[in-house]
Amino acid sequence: MSNKKITTKIGEAIRQGKYLSIYYKNKQGEVKPFWISILNITPNDKIVVDMFNAMKDDPILNTTISISGIQSAEILKFSHYDVSEQLIKKINEDERLQVYEFDRFNNNILNYYLECYKANNDPFLHKTHLIPEIDLTELVNKNPYELSNAQQKQLIKEIYNNDYNKFHDYKLALCEFSIDIEGRGKFIVAYRELTFDPVKKTLFISKGTHFNPNFYIKDVKYSLSYYTDISSADFEEQYISNKAETIELIRGNFLLGELPNTRPEIAVLGYSRIDIAPIYDRINDEHTNKELQIPLKALFKNSSLLDRKNRKEPNIVLLDKNVNIDQLRTIYNSLKYPVTYVQGPPGTGKTQTIVNIIINCLTNNKTLLVTSNNNVPIDGIKDKLILGKYYGKEITIPFIRIGNKQCTLEALQTIKKLYRYETADVPKEKLLHNLKENSKEKNKRLLDKLQHYEERTDLEQNLEFINGLLSKGSYWLLQQEKEKLLNKINSIPLTTDEDVKGIFYSIQGNHSLLQFFYFESLKYSKRLKTKDYIELIEILYITDENEQIREFNTWLSDDKNLEKFTKVFPIILTTNISSRRLGQKFKFDLVTMDEAAQCDIPTSLLPISKAKNMVLIGDTNQLKPIIIFDESKNEKLLKQFHVEDEYNYYYYNNSILSVFKKIDTISREILLSFHYRCGKKIIDYSNKRFYDQRLNLTAVKTSGTVKLLAVTNVNQKDKNAQIEESIAIVNYIKENKLTDVFILTPFRNQENTINHYLQEAKSNNEIDNGVSCGTIHKVQGQENKTIIISTAISRKTTQKTYDWIKNNSELINVGITRAKENLIVVTDLNAIDKLSRKDDDLYALISYAITNGTTEIAQSTVNKFTIGFSNNSKFEDEFYKTMQHYCTLKDTRFKRNVKIIDLFPEESNNTLVNKKEFDGVLFQNNNPKVVFELNGQEHYNNKRTLQSDKAKMDFLASKEIQLLFIPNQYVKHYEFIRELINKFNGDVYQQTLFDNY
């Protein structure tokens with residue numbers, strides 16, 4: 001049996017056209033190093049290769065070696081050879097080669113996401129080299145370029161005999177254009193990728209130029225946006241069109257000591273990354289062994305409505321009385337159901353809701369992992385975890401914040417402080433029981449109302465589906481079902497926000513609850529003094545910080561230790577990437593991810609893989625994850641892993657929240673609709689433009705001010721840095737004595753210009769220190785009394801620059817929704833009139849500001865609000881017509897999980913199908929008429945499943961039986977209609993969520 005690590009590397013090398021660096025054991029038992037390119041592979045442990053030994057001049061061509069003789073294998077950095085399409089096709093399709101496992105995972109989606117993660121990193125410069133007689137023109141004109149013996153020896157000596165970090169990836173490049181920064185280093189902006197074929201002695205240069213919008217120099221991140229205000233895509237297009245002119249344009253923004261460099265240096269680019277592959281290995285193992293928890297089952301379309309049934313009802317306690325029904329539904333669904341998605345627009349209380357989830361996990365004895373993509377939202381939650389005091393004693397919620405070095409050191413100090421804390425108070429074990437008993441009646445009333453709300457939601461979805469069926473043709477039994485549904489809906493009390501006020505217990509001002517949380521927290525912390533925690537306590541007293549952190553992380557990576565740790569700290573707060581350190585197979589009861597719409601998919605799967613249940617909270621109408629690598633790389637990866645048709649899984653333009661929402665329509669999606677932050681005129685724009693008027697503004701008590709400050713921009717300090725606009729903004733703040741102001745601008749140069757004039761005014765005590773200016777990422781997550789949006793548009797602004805701003809609806813929406821009292825838009829109206837086609841989001845905002853927030857607002861065509869079920873699939877017509885037709889037929893029945901040999905005993909010896917089954921079969925007069933397969937062919941990612949689907953398709957075609965695949969978004973409807981048909985025919989049918997009406 002071949003080593004899977006070796007065969008995985010062989011598959012990787014063939015698909016990527018890369019050499020393998022191997023140690024090979026020959027027949028004499030000698031182990032020697034070689035670089036090999038694979039020409040062919042057979043099922044009997046043999047591969048045909050070209051071999052190169054760096055110590056010798058001549059390669060060994062077209063020789064056969066055994067796979068089992070390969071002792072170790074790694075992809076050879078910077079290498080390339082022309083692999084035949086027939087060989088790639090062979091390893092993908094030749095069933096005889098299935099004895100080898102060429103992919104790391106038998107799951108295309110996992111392979112795809114892992115490679116996306118590796119690619120999505122900004123580079124740094126490892127080393128540069130100058131090899132004689134090599135420049136861009138030579139390489140392009142003679143591609144592939146044949147190296148002399150001397151050049152090849154120099155390249156191998158300088159580039160391959162290097163210290164490379166095993167946790168970094170590397171790329172060989174020829175610099176086209178870099179910015180040399182005196183005393184610091186080099187920012188390589190444009191380059192061509194180089195690959196090396198040691199057997200043919202050639203260098204291959206990429207046809208197109210690659211770009212680095214960001215670059216690390218001595219651990220400091222530099223950005224192309226420092227030198228130009230046009231988007232990265234526009235810069236690349238401009239550079240390719242006229243290289244010299246583009247370099248000259250950005251040269252105008254260079255600081256002292258910065259110089260352009262177009263010397264043809266060969267550079268080794270490094271890409272720092274944390275290795276997340278071991279966690280993906282565990283996900284793959286669980287997927288293969290069918291041991292996935294429900295959140296990951298939902299990702300791979302294996303979840304069911306049955307996953308939502310027979311779940312324990314929670315006991316709900318809240319921080320204070322400031323809660324609405326949407327927040328209550330979120331807390332209730334989070335505690336009861338396996339997966340919940342929450343759309344939380346700005347100012348709707350996302351953080352407060354998460355705090356309440358934390359509190360309720362404590363009262364319901366659940367472990368909880370709270371994560372996000374960066375530290376800001378996590379620290380925002382941490383800062384609100386304050387319950388107050390019990391008889392003057394601080395109530396310490398049993399949570400711990402871990403993550404980077406500083407966070408971990410603070411966590412260790414917190415643990416030490418708790419360990420040393422002495423008190424005569426003794427935990428009271430019966431408090432939780434008494435609390436639940438005393439609140440039982442009130443909790444039941446609350447849960448009844450929430451259950452009514454959820455039940456009505458399900459029934460209304462079924463009514464929507466019945467109406468869809470009836471739209472394809474009338475049938476009296478369906479009409480009867482519609483009437484029954486309507487009667488059932490009308491029989492369930494309508495639950496409103498007012499209905500749930502006052503029927504829940506809140507901690508604030510409640511002596512009994514404060515007592516409970518004080519003694520409950522004491523119970524957790526006192527466990528540190530037991531013998532189970534001796535190893536942890538020893539770690540607390542290690543004096544070397546790095547050693548202490550290393551030992552603590554190692555201790556936490558053990559499942560038994562993590563389980564013990566959660567008995568002291570059942571609530572753990574950390575970032576997505578840092579969650580990788582928490583155990584191996586241990587599962588938290590719940591993971592709650594904040595700002596999930598900004599979380600990238602690959603790293604988000606780390607905490608999700610560590611939990612039994614999941615809540616994703618975010619706003620898909622605001623900032624998206626930052627994607628660094630270009631779309632052509634994404635397309636290449638999609639093709640490589642055969643997922644180009646899996647649109648819902650695309651890494652580009654998706655967050656973990658948007659992907660799950662597209663894939664999983666079984667789980668509940670909740671909109672936090674009650675807005676509390678902005679004045680009514682301010683939020684009204686975003687509500688109508690971006691949120692389809694779904695926000696509830698009844699809690700907004702102030703009108704708010706929306707105003708336009710018109711300027712005429714003539715003079716620019718730098719590109720997109722408008723002097724007149726900057727001065728006008730500073731003067732407006734002075735004249736109106738404004739405090740707590742944030743000035744938002746899309747351009748870095750404008751930010752610098754405004755800050756220049758702000759600093760002058762502050763030094764003269766003319767402006768409050770609470771006034772600041774920045775770009776969008778500096779304002780995300782905060783709020784201010786006044787937000788000023790500086791558009792920095794002039795008649796000199798290019799159309800491309802304007803189009804970038806006007807289509808950046810996330811920037812506009814984020815900016816507006818930070819303003820509590822005043823929103824001021826500053827712009828040059830003549831320039832806007834020249835550049836805008838009068839149909840974009842920026843123009844709509846300016847028009848709204850001109851009239852002080854009194855004009856009508858149309859919905860955005862760029863940033864549309866999406867929540868709930870959508871019937872826009874190409875599949876819809878066929879599905880509705882087919883199901884409507886079979887609803888009207890007599891003597892029909894459904895059966896699920898039907899074995900093929902039960903239907904066709906004559907196929908018992910057919911090895912292609914005799915062990916397979918169908919998800920569902922519709923019979924008429926006892927004859928199979930339609931076979932249904934859930935989560936259809938286009939949705940499977942497992943190669944073996946794809947092969948199984950094909951065998952079923954071919955088999956059914958031979959029997960002339962209709963096959964209907966059910967895309968995931970129709971699973972609810974499929975299960976509902978299946979039982980409906982059986983009901984029409986008087987059969988006993990299996991219970992689903994939709995029964996008993």
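The values are calculated or read from the model by the stated rules, or taken from the named source; none is laboratory data. For clarity, every value in this text was computed on a predicted model and none was experimentally measured. Every residue, glycine among them, receives a Cβ derived from its backbone with ideal geometry; neighbour counts consider all protein chains shown. Ligands, DNA and RNA are stripped out before the accessible areas are found, and what is left, the full protein with its side chains, is counted by its heavy atoms. Shrake-Rupley method; radii C 1.70, N 1.55, O 1.52, S 1.80 Å.
Each part reduced to its alpha carbon centroid, segment 215-238 and segment 59-108 end up 38 Å apart.
Remark: the ASN44-GLU535 segment gains 171.7 nm on full extension, using 0.36 nm per residue and subtracting the alpha carbon distance. A Förster radius of 51 Å combined with the Cβ-Cβ distance from ARG311 to SER241 puts the calculated FRET efficiency at roughly 0.30. Among the listed pairs LYS221/LYS820; LYS9/LYS89; LYS350/LYS416, those with a Cα-Cα distance over 22 Å are LYS221/LYS820; LYS350/LYS416. Computed with the Debye formula from one identical point scatterer per Cα of segment 102-192, without solvent, the log10 of I(q)/I(0) at q = 0.12, 0.13, 0.15, 0.20 Å⁻¹ comes to -0.58, -0.67, -0.84, -1.14. The label-point distance for GLN480 and ASN765, in a model that sets each label 7 Å from Cα toward Cβ, rounds to 8.7 nm. When the Cα convex hull of segment 379-474 is projected onto planes of every orientation, the mean area is 12.4 nm².
The separation of segment 476-523 from segment 540-570, counted between C-alpha centres, amounts to 40 Å.
Take the Cα of PHE167, step 7 Å along the line toward its Cβ, and report every residue of segment 278-316 whose backbone nitrogen sits under 16 Å from that point. In segment 278-316, the label zone of PHE167 (backbone N under 16 Å from the point 7 Å along Cα→Cβ) covers 278-279. To make sure I understand the rule: partners must be lysines, Cα under 21 Å from the Cα of LYS243, and not fewer than 8 residues away in the same chain. Which ones qualify? Result set, ordered by chain and number: LYS186, LYS207, LYS719, LYS800. Each part gets one Cα centre, and for segment 648-696 versus segment 143-187 those centres are 46 Å apart.
Most tightly packed first, judged by the mean number of other beta-carbon atoms within 10 Å of their residues, the peptides 567-574, 315-322, 632-639 read 567-574, 315-322, 632-639.
Surface exposure of segment 123-178, expressed per residue as accessible area with a 1.4 Å probe, stands at 54 Å². Only the Cβ atoms of Lys and Arg (+1) and of Asp and Glu (-1) were treated as charged; on that basis the dipole of the chain about its Cα centre amounts to roughly 2380 debye.
What shape does segment 503-565 have by the C-alpha gyration tensor, where a ≥ b ≥ c are the square roots of the eigenvalues, rounded means a/c under 1.5, and otherwise prolate means a/b greater than b/c and oblate the rest?
Taking the square roots of the gyration eigenvalues as a ≥ b ≥ c, segment 503-565 is prolate.
Net length available on complete extension from SER512 to ASN374 is 46.0 nm, with 0.36 nm assigned per residue and the Cα-Cα distance removed.
Note on THR554 and LYS929: the model spin-label points, each 7 Å out from Cα along the C-beta direction, lie 6.8 nm apart.
Put a dot 7 Å past the Cα of ARG420, heading toward its Cβ, do the same for LYS834, and the two dots end up 6.7 nm apart.
Check each of the chymotrypsin sites (Phe, Trp or Tyr not before Pro) in segment 723-816 and keep only those in coil by DSSP with at most 14 other C-beta atoms within 10 angstrom; list them in order.
none
Rounded to 0.05, the FRET efficiency of the ARG263 and SER471 pair, given R0 = 56 Å and the Cβ-Cβ distance, is 0.25.
Ratio to report: Rg/Rh of segment 196-299, with Cα atoms as the point set and Rh obtained by the Kirkwood method; give two decimals.
1.16
With all protein chains in place and a 1.4 Å probe, the accessible surface of the chain carries 46 percent carbon and sulfur. Working note: Cα atoms of segment 572-730, range along each principal axis, descending, whole Å: 60, 43, 32. Give the aspartates and glutamates whose C-alpha is closer than 15 Å to that of LYS796, dropping any in the same chain fewer than 8 places away, or say none. Partners within reach: ASP229, ASP718, GLU724, GLU725, ASP828, ASP833. When only the Cβ of Lys, Arg, Asp and Glu is charged (+1, +1, -1, -1), the dipole of segment 296-410 relative to its Cα centre reaches about 400 debye. Using a cut-off of 28 Å between Cα atoms, the listed pairs LYS297/LYS624; LYS560/LYS612; LYS624/LYS688 include none that exceed that distance.
Ordering ASN289, PHE629, ILE159 by Cα displacement along the dipole of the chain toward the positive end leaves ASN289 in first place; charges were set at the Cβ atoms of Lys, Arg (+1) and Asp, Glu (-1). Dividing the alpha-carbon radius of gyration of segment 264-307 by the rule-of-thumb value 2.2 N^0.38 Å gives 1.95. With both partners inside the chain, how many of the DSSP beta bridges are antiparallel, as a percent to the nearest 5? DSSP beta bridges in the chain are roughly 55 percent antiparallel.
Cβ-Cβ distance of LYS587 and GLN406, R₀ of 22 Å, FRET efficiency by 1/(1 + (r/R0)^6): the value works out to about 0.20. Quotient of the Cα radius of gyration of segment 1-98 and 2.2 N^0.38 Å, N being its number of residues: 1.01. Since only VAL339, CYS361, LEU387 are under comparison, the one whose Cα sits farthest along the positive direction of the charge dipole of segment 308-401, derived from C-beta charges on Lys, Arg, Asp and Glu, is VAL339.
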